[in-house]
Every structure is written in structure tokens, then in C-alpha cells.
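Just below is one structure, and these are the notes that go with it.
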Amino acid sequence: MQKQEKTVCQWNWISRKVKGVDMCETKDVLILAIESSCDETAAAVIKNGREVLSNIISSQIDIHKLYGGVVPEIASRKHIEKINQVIEEALKEAETTLDDIDAVGVTYGPGLVGALLVGVAEAKAIAYAKNIPLIGVHHIEGHISANYIENKDLEPPFSCLVVSGGHTHLVRVKGYGEYEILGRTRDDAAGEAFDKVARAVGLGYPGGPKIEKLSKEGNPYAIAFPKARIADSPYDFSFSGVKSAVLNYINGCQMKGEPYNQADIAASFQKAVIDVLIENAMHAADEFGMDKFAIAGGVASNSTLRNAMKEACEKKGIRFFYPSPVYCTDNAAMIGVAAYYEYRKGTRHGWDLNAVPNLKLGER
Ligand code: KG4
Ligand code: ZN
């Protein structure tokens, strides 16, 4: 144990008062994390906030793709069927048991209310039975925290572009769990636009990976789809216009009986979305003088976006961070990382923790 001047300990140290004096000690902290906000039932065990001992994801995509998108009621039922098995697997792979777990972290919003409730109820039951802390985590905080897993030296402050199926946020990460939202989408999220365009082109759900694959065979300069700018708010986004433009383009071709090139549509659409994401992010970088920039969320697994953002950051001398694809799309490891930092800050939720489908970032 080490005496500290301040109560802030290194990231793998825990502060404790001994005879009224703040001390730091190295004690491994194991977090069991649960994520069930959409169509992935996931559990993970995280050691000291940055080491993933296990990360189990049971995807429901095969069921939902039959309907062209996530069916909330089916998602909730499938979570109930799978959650115990997924947690058991996560503990087994981490070679641990519930007796070794120090706290349970769980996504409690935003997301589908029925889906969230399954994870929240499970987390409460485990925390109550084992008499350990319960920590509710914001899903977006989880996505941002995914960057800490493989980038051990990444510490706040930094900026992060969160691009998922439900969110497009440009965030200033001021400290662990401290966020300032610089910009957000005014309508569709980036991933939602990928999904809707994929459906229109006949690619099916989930659209993002399919558009990315098809884009590689197309010309991104073939069709000039619109790139929306919000006049009074340079860091906000809007993707409903580009989505409608794609639908109109396809309709126009069909009405004239003209063939259209699916790959060119995919590549041109993807370019329009990525260009706006990068322009807004770099504009914010200039304005706020950023030296570290990260991306997160399902769309962040898009290699064209990653490469273009990396290049844009390098040009400005900004260090660029991104998680591996498995930590970009929904997973519980990222929730465990966020829960660890909340745990260290003393965040504890009560047994009345509820699912909050429209939870705002920074709210408790
Ligand atoms: O983060 P995520 O797994 O779930 C939400 O929190 O929404 O993101 C899912 C979204 C979907 O819209 C999916 O189409 C998109 O991420 N996505 C991608 C790619 N992989 C997933 N979008 C573009 N390119 C990809 N490679
Ligand atoms: Zn997500």
C-alpha cells in the first residue's frame, strides 16, 4: 500500500481510508458486465478496467434479418432465453465465479426498454444475491470506453465520434465519465442511414457491413449525394437527406426503366456520410485544439471511415484511436470498462434502478 498526496490513485489502484488517511492499494477489481440494449445478449468479465478476461456475445441478427430490422418484442424474449447462459460462459471463460466479482455493471439506457429491462433485472438479482455494488452504465459511455481496452495509454481528455445504429455524437471526453456533447444528429443516426439505404438497395439487415462490402466494387464519385450542413450548428449532423436522395435516385431510375449500379450507389452514399463525419470532426478539432481523437460505435468498424479519419487526424498531428471491430459493435466488455471507472468514482445504483430508453449522456 502506498500513501498518496491526493485521493486520486493510478488506474489500477484503489483508494481506501486507513486511520483517516487516503491510501492507494493494488487490488484487482473484477467487474461482471451485462449488455442487452438492442439485439445482442452480451456478458463480459473485466479486470482492473482495461483487461478483458472474457467477452461473450450472442447475436440475434439471424432472427431479426427475417423482418428487415430489430423487432423489440422478439429481442426481449431472446435476451431472457440467452442471458443466464451467456453470463455462465463469460464467468467460465474468465476462469472465475460470482464469488470473485467485485461489482456488476449493466447498460440501463438508452435502448429498447424491454431489452434493457432483461439486463437490468439480471444485474440487480446478481448484485443483490452477492451483496456487491450495482453500477448502471450509459450505453454510449460504454462505446466510448471501448477505446481504453486496446489503447492502454489513452486517458481523458480526448474527443470521440460515436457512430452507431441509434446515435451520432461528437463528444468531448473531459474526464472518466465526464462528457460534453459538441454535436449530434438532428434526425437519423449514421448507422440507421446505412441500414435504411441497404434495405432500399436490397441488401438486407444489418446494412452497414453489407454496404461497406459492396462499396469496394463501386465508384464513390459516381453519384453526388448531398452532404447536409447545419447552418447554425457546425458540429451537428443530418443523414435523412442523403438517405432520401438515395431512395429518390433509385425510384427515378426505376420509373425511367433505367438500370442502376448498386455498388456505385453504395460507394457514393458511404462517401457522402463519411465526408460529413470527417469534416465536422476536423472542424471541431480546429476549433477546440484537440490532440487525441477516437471513434466508437458499430459504424466505427467501417474500414473506409477508419482509414479516412486516420489520414485526416495525421494531417493535423492528432493521435487517432479506434477499437477493434468486435469492440465497436455492441458488446459487454465496453460496459465493464465504463462500469470500472464509475465504480472508482463511487457511482452506486440502488435496487430501484430502472431501464431508461432515452437516457441522456451524463445523466445519472
Ligand atoms: O453500436 P451498434 O452495434 O449498436 C447500436 O448501439 O446502435 O451499431 C450498429 C450499427 C448498425 O446500424 C450497423 O449497420 C452499423 O452499426 N455498422 C456499420 C458497420 N458495421 C456495423 N456501418 C457501417 N459500416 C460497417 N462496417
Ligand atoms: Zn451500441
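The values are calculated or read from the model by the stated rules, or taken from the named source; none is laboratory data. A quick note: this is a predicted structure, and the numbers were derived from the prediction, not measured. Positions of Cβ are generated from backbone atoms using ideal geometry, with glycine treated the same way; all protein chains shown enter the neighbour counts. Just so you know, the surface numbers come from the protein's heavy atoms only, side chains and all, with ligands and any DNA or RNA stripped out. Shrake-Rupley method; radii C 1.70, N 1.55, O 1.52, S 1.80 Å.
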Discussion item. Cβ-Cβ under 9 Å, sequence separation 6+ or interchain: first residue in the stretch 247-269 and farther than 14 Å from residue 198 by Cα, partner part of a loop (DSSP other than H, G, I, E, B) and among the small types (Gly, Ala, Ser). Which pairs?
Written reply: none
Worksheet item: Restricting the stretch 27-47 to residues that are more than 16 Å from ligand 1 (Cβ to nearest atom), part of a loop (DSSP other than H, G, I, E, B) and not basic (Lys, Arg), which is surrounded by the fewest Cβ atoms within 10 Å (Cβ to Cβ)?
Response: 28
Discussion item. Residues that are buried (at least 16 other Cβ atoms within 10 Å of the Cβ), within 16 Å of ligand 2 (Cβ to nearest atom) and in the same structural domain as residue 115 (by TED's automatic domain parsing): list the helices (runs of 4 or more DSSP H) wholly contained in the stretch 302-359 that include at least 3 such residues.
Written reply: 333-345
Practice prompt. Output yes when any residue across the stretch 341-349 is more than 19 Å from residue 156 (Cα to Cα), in contact with a Phe, Trp or Tyr (Cβ under 8 Å, 6 or more places away or on another chain), in contact (Cβ under 8 Å) with a residue 40 or more places away in the chain and of a type outside the set (A, V, I, L, M), and no when none is.
Written response: yes
Worksheet item: Does residue 234 satisfy the criteria of being surrounded by fewer than 16 Cβ atoms within 10 Å (Cβ to Cβ), within 30 Å of residue 148 (Cα to Cα) and more than 16 Å from ligand 2 (Cβ to nearest atom)?
Response: yes
Worksheet, complete the sentence: Of 213, 243, 227, the only residue that is under 24 Å from residue 330 (Cα atoms), free of Cβ contacts under 8 Å to residues at least 60 places away in the same chain, open to solvent by 50 Å² or more (accessible area, probe 1.4 Å) and under 26 Å from the mean Cα position of the chain (by Cα) is 213
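Restricted to the stretch 121-136, and to residues that are open to solvent by less than 30 Å² (accessible area, probe 1.4 Å) and not in a helix (DSSP H, G or I), which residue is nearest to ligand 1 (Cβ to nearest atom)?
Checking each candidate, the answer is 136.
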Discussion item. Among the residues of the stretch 108-116, are any in a helix (DSSP H, G or I), modelled with pLDDT of 95 or more and away from ligand 2 (no atom under 15 Å from the Cβ)?
Written reply: yes
Practice prompt. Go through the stretch 274-284 and give me each residue that's modelled with pLDDT under 95 and surrounded by fewer than 17 Cβ atoms within 10 Å (Cβ to Cβ).
Written response: 283
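Looking for something open to solvent by less than 50 Å² (accessible area, probe 1.4 Å), within 16 Å of ligand 2 (Cβ to nearest atom), among the aliphatic types (A, V, I, L, M) and touching a residue at least 60 places away in the same chain (Cβ under 8 Å) - is there at least one such residue anywhere in the stretch 201-209?
no
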Worksheet item: If you go through the stretch 26-79 one residue at a time, how many are within 14 Å of ligand 2 (Cβ to nearest atom), modelled with pLDDT under 95 and β-branched (Val, Ile, Thr)?
Response: 2
Worksheet item: Within the stretch 259-273, is there a residue that is in a loop (DSSP other than H, G, I, E, B), buried (at least 16 other Cβ atoms within 10 Å of the Cβ) and either of a type in the set (Lys, Arg) or within 16 Å of ligand 2 (Cβ to nearest atom) (or both)?
Response: no
Practice prompt. From (1) on the phi > 0 side of the Ramachandran plot; (2) in contact with a Ser or Thr (Cβ under 9 Å, 6 or more places away or on another chain); (3) at pLDDT below 95, pick out the condition that doesn't hold for residue 297.
Written response: (3)
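For every residue, the table says whether it meets (1) in contact with a strand residue (DSSP E or B) (Cβ under 7 Å, 6 or more places away or on another chain); (2) in contact (Cβ under 8 Å) with a residue 12 or more places away in the chain; (3) within 15 Å of ligand 1 (Cβ to nearest atom).
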residue: 49; (1), (2), (3): no, yes, no
residue: 56; (1), (2), (3): yes, yes, no
residue: 72; (1), (2), (3): no, yes, yes
residue: 95; (1), (2), (3): no, yes, no
residue: 102; (1), (2), (3): yes, yes, no
residue: 110; (1), (2), (3): no, yes, yes
residue: 115; (1), (2), (3): no, yes, yes
residue: 119; (1), (2), (3): yes, yes, yes
Worksheet, complete the sentence: Of the residues in the stretch 62-96, those that are touching a Leu at 6+ places or on another chain (Cβ under 6 Å) and open to solvent by 40 Å² or more (accessible area, probe 1.4 Å) come to 72
Worksheet item: For the stretch 122-154, which residues satisfy the criterion of being charged (D, E, K, R) and either within 14 Å of ligand 2 (Cβ to nearest atom) or without any contact (Cβ under 8 Å) to a residue 40 or more places away in the chain (or both)?
Response: 130, 141, 153
Worksheet item: When the stretch 161-179 is examined, which residues are found to be open to solvent by 10 Å² or more (accessible area, probe 1.4 Å), under 18 Å from residue 233 (Cα atoms) and within 16 Å of ligand 2 (Cβ to nearest atom)?
Response: 167, 169
